[in-house]
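**Student:** Take a look at this one; I'll ask things after.
The values are calculated or read from the model by the stated rules, or taken from the named source; none is laboratory data. The model shown is predicted, which means the values in this text are computed figures rather than measured ones. Note: ideal-geometry Cβ built from the backbone for every residue, glycine included; neighbour counts use all protein chains shown. Side chains included, ligands, DNA and RNA excluded: accessible areas come from the protein's heavy atoms. Shrake-Rupley method; radii C 1.70, N 1.55, O 1.52, S 1.80 Å.
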Amino acid sequence: AVCQGLAVMISMAVFVHQVAYATDTGIDKMAAASSLAAVSITGFMGQFLFGWITDRIKDPKYASFIGISFMLAGNILLLNVESTFRLYVAALIYGFGYGSLAPMLPLLIADRFGRQVMGSIYGLLTFFVGTGGAIGPVLGGLIYDHFGSYHYLWLINIIVLSVIAIAFLTLKKGKPYA
């Protein structure tokens, strides 16, 4: 729940602040805005691929780890954006990982707790996801207002995504509820 909430918090912060960050670095407004389309396109592709991967590996936590790792790599690249090309590369890689979030949540729930309680657990987890999504843009704005730069937002994202990736690897199998 915490991992998914934090991942969505980071996603929403990136979506809201990526364009402003890119224009702050001197990238054309139209190119900066269209970089969000790049995130969406690869995010769409990532949803299919990560669903497919999960059907073929032993445990969906590994697919989640890979997806978060792509988000992490995209954020690392975003930290050093100096050109439109680098912005698009960061957006494409980040978007691919972002696409893993939607299919992984129900798959992890079903794998850990069984399908019998999936609705209840999914409903509870969406509270964390919604809270993270609401906090991300505001936190990003506060960080920018305090430091006058998005540099620290991207650094925080990198640290949090690193922790999330490791945390996914520590998930234990649960006993399905009767």
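**Student:** Let me confirm something: among Gly114, Gly119, Gly97, Gly141, which residue is among the small types (Gly, Ala, Ser) and farther than 20 Å from Thr54 by Cβ?
**Tutor:** Gly141
**Student:** Let me spell it out: the conditions are (1) assigned to a helix (DSSP H, G or I); (2) out of contact with any Ser or Thr (no Cβ under 6 Å at 6 or more places or on another chain), and Leu171 meets all of them except one. Which number is the exception?
**Tutor:** (1)
**Student:** Sticking with this structure for a sec: Tell me, please, whether a residue that is over 26 Å from Ile53 (Cα atoms), over 18 Å from the mean Cα position of the chain (by Cα), open to solvent by 40 Å² or more (accessible area, probe 1.4 Å) and polar (S, T, N, Q) can be found in region 165-173. Spell out the reasoning first.
**Tutor:** Start the filter on region 165-173 by keeping residues that are over 26 Å from Ile53 (Cα atoms), which leaves none.
The answer is no; no qualifying residue exists.
**Student:** Scan region 137-171 residue by residue and report those that are within 26 Å of Gly114 (Cβ to Cβ) and either in contact with a helix residue (DSSP H, G or I) (Cβ under 8 Å, 6 or more places away or on another chain) or at pLDDT 95 or above (or both). Steps first, please.
**Tutor:** Going residue by residue through region 137-171, those that are within 26 Å of Gly114 (Cβ to Cβ) are 164-171.
Passing the criteria: Ile164, Ala165, Ile166, Ala167, Phe168, Leu169, Leu171.
**Student:** Regarding region 67-80, can at least one residue be identified that is touching a helix residue (DSSP H, G or I) at 6+ places or on another chain (Cβ under 8 Å), at pLDDT 95 or above and closer than 21 Å to Gly174 by Cβ?
**Tutor:** Looking for residues that are touching a helix residue (DSSP H, G or I) at 6+ places or on another chain (Cβ under 8 Å), at pLDDT 95 or above and closer than 21 Å to Gly174 by Cβ, one finds at least one in region 67-80, hence yes.
**Student:** Output the residue which, of all residues in region 95-131 that are small (Gly, Ala, Ser) and under 23 Å from Ala38 (Cα atoms), is surrounded by the fewest Cβ atoms within 10 Å (Cβ to Cβ). First the steps, then the outcome.
**Tutor:** Step one: list which residues in region 95-131 are small (Gly, Ala, Ser), which gives 95, 97, 99-100, 102, 110, 114, 119-120, 123, 130.
Filter once more, so that each one left must be under 23 Å from Ala38 (Cα atoms): 95, 97, 99-100, 102.
Numbers: Gly95: 26, Gly97: 26, Gly99: 26, Ser100: 28, Ala102: 16.
Residue satisfying both the conditions and the ranking: Ala102.
**Student:** Please note which helices (runs of 4 or more DSSP H) are completely contained in region 1-108 and include at least 3 residues that are in contact with a Phe, Trp or Tyr (Cβ under 7 Å, 6 or more places away or on another chain) and among the small types (Gly, Ala, Ser).
**Tutor:** Details: elements: 2-24, 29-56, 60-79, 84-98.
Result: 29-56, 60-79.
**Student:** Right, something else. Answer yes if at least one residue in region 67-77 is over 14 Å from the mean Cα position of the chain (by Cα) and surrounded by fewer than 23 Cβ atoms within 10 Å (Cβ to Cβ), and no otherwise. Spell out the reasoning first.
**Tutor:** So in region 67-77, the residues over 14 Å from the mean Cα position of the chain (by Cα) come out as 77.
Adding the requirement that they be surrounded by fewer than 23 Cβ atoms within 10 Å (Cβ to Cβ) leaves 77.
There is at least one residue in region 67-77 that is over 14 Å from the mean Cα position of the chain (by Cα) and surrounded by fewer than 23 Cβ atoms within 10 Å (Cβ to Cβ).
**Student:** Same structure again: Quick one: in region 139-164, of everything that is surrounded by fewer than 18 Cβ atoms within 10 Å (Cβ to Cβ) and outside any helix (DSSP H, G or I), which residue is nearest to the chain's Cα centre (by Cα)?
**Tutor:** Ser149
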